[in-house]
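Student: The structure under discussion is supplied below as structure tokens; questions concerning it will follow.
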């Protein structure tokens, strides 16, 4: 399949990437920065920006690859601070999609929610507008329970 450019951010966390989607102002860049900070504090072992604001998605061999938009590689915009330059990964395999500011989120979701992007089925975490996303994402990626999505397969 051909590459698609989407309005999203992505962070490599461990061996796989988290793709963060949502409307403008939903906190995509903030969540990306918080995941990177979580690695610095030891909450996760490793996290590095892939891309912010716009990323390219492409399926390859049953996996979804994410790359930064060339003009934005290594840049992240933090509301109230400005544009920050930081290290980035040129490509990563997506293992989790986080959708921010979702109006109808179940308090206790039944079963695993998924989304299909570029023909690849991925686990999806929907986050309500008034809920802090970082604790939910950390719970999914560090619980070792039903969703252990960021470990290499």
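Student: For the stretch 6-21, which residues satisfy the criterion of being at positive phi and surrounded by 24 or more Cβ atoms within 10 Å (Cβ to Cβ)?
Tutor: Once the filter is applied, which keeps residues that are at positive phi and surrounded by 24 or more Cβ atoms within 10 Å (Cβ to Cβ), the stretch 6-21 yields nothing.
Student: Let me ask something else about it. Which condition number does residue 88 fail, the rest of (1) more than 12 Å from the chain's Cα centre (by Cα); (2) closer than 19 Å to residue 21 by Cα; (3) modelled with pLDDT under 95 being met?
Tutor: (3)
Student: Are any residues in the stretch 23-51 within 17 Å of residue 95 (Cα to Cα) and assigned to a loop (DSSP other than H, G, I, E, B), and if so, which ones?
Tutor: 44, 45, 46 - these are the residues of the stretch 23-51 that are within 17 Å of residue 95 (Cα to Cα) and assigned to a loop (DSSP other than H, G, I, E, B).
Student: Please verify whether residue 101 is assigned to a loop (DSSP other than H, G, I, E, B) and buried (at least 18 other Cβ atoms within 10 Å of the Cβ), treating the condition exactly as stated.
Tutor: Against the criterion (assigned to a loop (DSSP other than H, G, I, E, B) and buried (at least 18 other Cβ atoms within 10 Å of the Cβ)), residue 101 qualifies.
The values are calculated or read from the model by the stated rules, or taken from the named source; none is laboratory data. A quick note: this is a predicted structure, and the numbers were derived from the prediction, not measured. Here Cβ is always computed from backbone atoms with ideal geometry, including for glycine, and neighbour counts include all displayed protein chains.
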